[in-house]
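Undergrad: Handing you this structure, nothing more for now.
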Amino acid sequence: MSGALLIVNPFATRVTERRIAEVARALGNPEVVRTERPHHATELARAAAGATAIYVFSGDGGFNEVLNGADGETPLGFVPGGGTSVLPRALGLPRDPVEAARQIALGRRRRISVGRVNGRRFGFGAGVGLDAELVRRLDALGRRADGRRAGDIAFARTAAGYLAERRGRLEPVLTLRGFGRAAFALVANCDPYTYAGRLPLRPMPQACFELGLDLVAPRRLRPLLVPRYLGYVVRGRGQERAADLHYAHDLDRLELDCDDPLPLQADGEDLGDVTAVTFEAERDAVCVLT
C-alpha cells in the first residue's frame, strides 16, 4: 500500500473515539483501521508492507502483534493506548497518546533489535514461570464491561496473592543451559522491563534496544530474599553481582528446559505452557519512529 496506516485496538485501556481522532490528526490523518479479532493487527501490518509508515494506537498486545507482522523496513510508530504501554515508554515517548503521536510525527527513526521466544517476536520482554503465571491470573480476572483489562493495582494484588499462596517460596523448576537451575526466568530486550504506574522496574538495567537479550533468573525465592530482589528491581543495580541470581547481558541465544510445563509470556501476552524454550536476539530487526 502507499500512504500511512493507523492500526487501532478500540478495546485498549486508553483508547476512545475522541482520542483516535486526535491521534490521527497529530499523525497527519493516515488511513485508520480498527482491529476486530486476535492477530488481526499482525495481518494488517503484513498487508501494509511498503507503506510510508505504520502507526499503532493500542496496548502492548497490539504492539506485539504488529511487530510480528512487520517487514523490518516500514517505519513503525507506537502510540501508547494501553494501561502500561511499556514499549513506547521504553522508547522515550510520552505517556499521553496525543503528545506521543506529535513526537512520532516528527519522523525521527531508530533501528532496534527485537527478541524471539520459540519463534515469536517480542519488543520489550518475555518470561517463563512467575511473571507469566501472573499474566495468566490477571487475564483470568476478565475484562470490564467496556472491554478493558485490569490494571496495575490488580496486578500488584495478584502478585501478592500468588506469593502468599507459596509463602514467599519458589523452588528451582527449570534449567538454563549453560547457567544452571532457576525458579523462573526473565528475558529483556530493553530497560526498563516494565512499569508499576510511573515507576520503572529495572531487573536488567544494562538491557538495550540496540543489543542482544539480557537475562535475570533467581536460583530460588525465599521470604527473606523478596525485599532484596525488590530492591534490585526498583534501584536497577546490584543484580549483576548477586550470587543468588543468574544474570547475563547481550545474549544472542538462550535455551532452557522446564521440569514440568510452565507458563510463557511475551510482551504481557500469555503464550501457553511450555517445556522447552529458546530465546533469540534478532538484531537490527525493525525501524521505529521516536
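Undergrad: Report the percentage of all Cα-Cα pairs in region 109-231 whose separation exceeds 23 Å, rounded to a whole percent.
TA: Cα-Cα pairs of region 109-231 separated by over 23 Å account for 37 percent.
Undergrad: Using the charge dipole of the chain (Lys, Arg: +1 at Cβ; Asp, Glu: -1 at Cβ; taken about the Cα centre), state which of Leu224, Val187, Ala126 has its Cα farthest towards the positive end.
TA: So the residue we want is Leu224.
Undergrad: For His246, what residues show an amide H to amide H distance below 5 Å, using hydrogens built from the backbone and excluding near sequence neighbours?
TA: Long-range HN contacts for His246: Ala217, Arg219.
Undergrad: In the calculated pair distance distribution of the chain, what percentage of Cα-Cα distances lie above 34 Å?
TA: 18
Undergrad: In whole Å, what are the extents of region 23-127 along the principal axes defined by its C-alpha atoms, from largest to smallest?
TA: 38, 27, 26
Undergrad: Could you pull out the GluC sites (Glu not before Pro) across region 49-115 that fall in loop regions by DSSP (anything but H, G, I, E, B) with no more than 15 other Cβ atoms inside 10 Å?
TA: Loop-located and lightly packed - Glu73.
Undergrad: Continuing with this model, one more query. What number results when the radius of gyration of region 198-257, computed over Cα atoms, is divided by 2.2 N^0.38 Å?
TA: So region 198-257 has a normalised radius of gyration of 1.16.
Undergrad: Karplus couplings for region 208-213 from phi (6.51 cos²θ - 1.76 cosθ + 1.60, θ = phi - 60°), rounded to Hz, Gly and Pro as x?
TA: Taking θ as phi minus 60°, the curve returns 8, 4, 8, 10, x, 9 Hz for region 208-213.
Undergrad: Take every DSSP beta bridge with both residues inside the chain and express the antiparallel ones as a percent of the total, to the nearest 5.
TA: 75
Undergrad: Using packing as a proxy for protection, rank 153-161, 89-97, 231-239 so that the peptide with the highest average count of other Cβ atoms within 10 Å comes first.
TA: 89-97, 231-239, 153-161
Undergrad: What number, rounded to the nearest 500 deg cm²/dmol, is the helix-based mean residue ellipticity at 222 nm of the chain, given -39500 (n - 2.57) per DSSP H run of at least four residues and division by all its residues?
TA: Mean residue ellipticity at 222 nm (helix-derived): -7500 deg cm²/dmol.
Throughout, read-outs are computed from the coordinates displayed, never taken from laboratory work. Just so it is clear, the model here is predicted, and its values are computed rather than measured. Cβ coordinates were reconstructed from backbone atoms using ideal geometry, including for glycine residues, and neighbour counts include every protein chain displayed.
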